[in-house]
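Heads up, the thing below is written out as structure tokens.
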Amino acid sequence: MAVTLLPLSNGHYSLEFEPADLPSVSSAIRDRYGVPDKRQYPTSAEYRFGGCSFTFQNEWDDPCLTSGSAEGDDILKSLHSDLSTGACYARLYGFSA
């Protein structure tokens, strides 16, 4: 799994990953925050979970989830840590990472 947390010019973060990792990212979000609310737009979607709003884009098979707040940045950092260390797999399959 290749998950990257990129700092943006606005001071917030973008969680970037491969299309094949979408199920793992979705699972990590549901495990921590429940099913997110979603509002679909023509070129993006807005997801709300953990009390924050995130923009999801998947142009040219390059999905990313972008934060617009300090609290959202913390959520993306936490998800990045879980996905990078395999913690979400450990919860799914009941073993230590």
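Take the residues in the range 10-39 that are closer than 17 Å to GLU71 by Cα and among the polar types (S, T, N, Q), then tell me which one is surrounded by the most Cβ atoms within 10 Å (Cβ to Cβ). It comes out as SER14.
For the range 23-38, the set of residues classified as β-branched (Val, Ile, Thr) and within 13 Å of LEU79 (Cα to Cα) consists of VAL25, ILE29, listed by residue number. The residue pairs whose first member lies in the range 17-34 and is β-branched (Val, Ile, Thr), whose second member is assigned to a helix (DSSP H, G or I), and whose beta carbons are closer than 9 Å, counting only pairs six or more residues apart or on different chains, are VAL25/LEU79; VAL25/LEU83; VAL25/CYS88; ILE29/ILE75; ILE29/LEU79.
Coordinate-derived values only; no laboratory data. Because the structure is predicted, anything quoted here is derived from the model rather than measured. Backbone-built Cβ (ideal geometry, glycine too); neighbour counts: all protein chains shown.
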